[in-house]
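Only one structure is covered here, and it is reproduced in the block below.
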Amino acid sequence: MNADMTIDRRTVLTGLAASAVALVMPRMAFADAVSRAQQHVSAASAELSSLVNSGKSGSSLYREFQRIMSKYADMPVVAASCLGRDWRSASSSQKKAYVNAFQGYLAAKYGRQFGDFTNATIQMEGGREVKDKKGRSAGVEVFTTVVRPGQENIGVNWQISERSGSPKAVNLIIEGVSLLSNERQEIGAMLDAQGGSIDGLIQQLQSRAA
């Protein structure tokens with residue numbers, strides 16, 4: 001075998017190996033992302049279950065729920081998405097006040113429903129990559145089932161993003177209904193009722209969190 005044939009063979013083998021690595025690496029990266037997302041959802045679920053069964057109620061329950069949301073969800077991103085284009089025109093102080101008010105509003109709104117989930121457990125059902133409208137990766141969707149004793153099970157999908165540097169929830173899809181889409185409509189309606197005033201919206205959110 002001459003030197004040219006040896007070089008050609010090595011070139012082909014090197015190319016095949018590189019192609020194999022190129023195919024395997026994205027799959028490995030995706031598997032790692034799914035694993036991190038599932039661990040994040042599992043940890044969040046454990047804290048939520050503990051709170052649901054803690055016996056706390058009213059403001060003490062809402063405060064603890066708000067702490068858990070801040071820990072496991074990317075609340076500034078969620079809040080900004082719900083406000084939409086008006087987020088860009090808000091001042092820094094308005095943005096800060098709005099995010100805080102939005103978190104309190106969500107904690108009170110959904111915390112009032114915790115009684116329906118006493119002794120519930122959450123089962124992991126796998127995950128998949130989520131892409132945005134432009135085909136870019138938008139994180140991982142973790143599929144879970146909330147098993148409630150004596151009641152119907154509920155399918156809850158968690159959209160987890162690492163754009164902030166670590167896994168954070170940016171949306172929940174409950175029985176096929178996007179929480180983000182629902183709240184976007186709610187916030188839009190509240191803002192319209194306030195004549196487009198962000199300060200008025202903040203005050204309304206604060207009153208609903210009381």
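The values are calculated or read from the model by the stated rules, or taken from the named source; none is laboratory data. Fair warning: this is a prediction, and the values are worked out from it, not measured in the lab. Quick reminder, even Gly has a Cβ in these numbers, built from the backbone with ideal geometry, and neighbours come from all protein chains shown. Side chains are part of the model used for accessible areas, which takes the heavy atoms of the whole protein and leaves out ligands, DNA and RNA. Shrake-Rupley method; radii C 1.70, N 1.55, O 1.52, S 1.80 Å.
Do we find a residue being open to solvent by less than 30 Å² (accessible area, probe 1.4 Å), more than 30 Å from P149 (Cβ to Cβ) and not aromatic (F, W, Y) anywhere in segment 120-128?
no
Out of everything in segment 146-204 that is basic (K, R) and not in a loop (DSSP other than H, G, I, E, B), what residue ends up being farthest from M124 (Cα to Cα)? Walk me through how you get there before you give the answer.
First, pick out the residues of segment 146-204 that are basic (K, R): 148, 163, 168, 184.
Cutting the leftovers down to not in a loop (DSSP other than H, G, I, E, B) gives us 168, 184.
Values: K168: 17, R184: 27 Å.
Out of the qualifying residues, it is R184.
In segment 35-46, what residues are over 18 Å from G139 (Cα atoms) and in contact with an Asp or Glu (Cβ under 9 Å, 6 or more places away or on another chain)?
Within segment 35-46, no residue meets the criteria.
Can you pull out the residues in segment 72-90 that are open to solvent by less than 50 Å² (accessible area, probe 1.4 Å) and either free of Cβ contacts under 8 Å to residues at least 60 places away in the same chain or in contact with a strand residue (DSSP E or B) (Cβ under 9 Å, 6 or more places away or on another chain) (or both)?
Y72, A73, D74, M75, V78, A79, A80, S81 - these are the residues of segment 72-90 that are open to solvent by less than 50 Å² (accessible area, probe 1.4 Å) and either free of Cβ contacts under 8 Å to residues at least 60 places away in the same chain or in contact with a strand residue (DSSP E or B) (Cβ under 9 Å, 6 or more places away or on another chain) (or both).
Which condition does G188 not pass, out of (1) surrounded by 14 or more Cβ atoms within 10 Å (Cβ to Cβ); (2) in contact with a Ser or Thr (Cβ under 9 Å, 6 or more places away or on another chain), if it passes all the others?
Single failed check for G188: (2).
State the number of residues belonging to segment 157-197 that are among the hydrophobic types (A, V, I, L, M, F, W, C), free of Cβ contacts under 8 Å to residues at least 60 places away in the same chain and over 28 Å from H40 (Cα atoms).
3
Give just the number: which of (1) at pLDDT 95 or above; (2) more than 23 Å from the chain's Cα centre (by Cα); (3) aliphatic (A, V, I, L, M) does L51 not satisfy?
Of (1) at pLDDT 95 or above; (2) more than 23 Å from the chain's Cα centre (by Cα); (3) aliphatic (A, V, I, L, M), only one is false for L51: (2).
Going through segment 147-185 one residue at a time, which ones are surrounded by fewer than 19 Cβ atoms within 10 Å (Cβ to Cβ), closer than 22 Å to R67 by Cβ and among the β-branched types (V, I, T)?
I174, the sole residue that qualifies.
Residue under question is A90, and the condition is that it be small (G, A, S), in contact with a helix residue (DSSP H, G or I) (Cβ under 9 Å, 6 or more places away or on another chain) and within 24 Å of F65 (Cβ to Cβ); does it hold? Spell out how you get there, then give the answer.
Details: small (G, A, S): yes; in contact with a helix residue (DSSP H, G or I) (Cβ under 9 Å, 6 or more places away or on another chain): yes; within 24 Å of F65 (Cβ to Cβ): no.
Criteria not met by A90.
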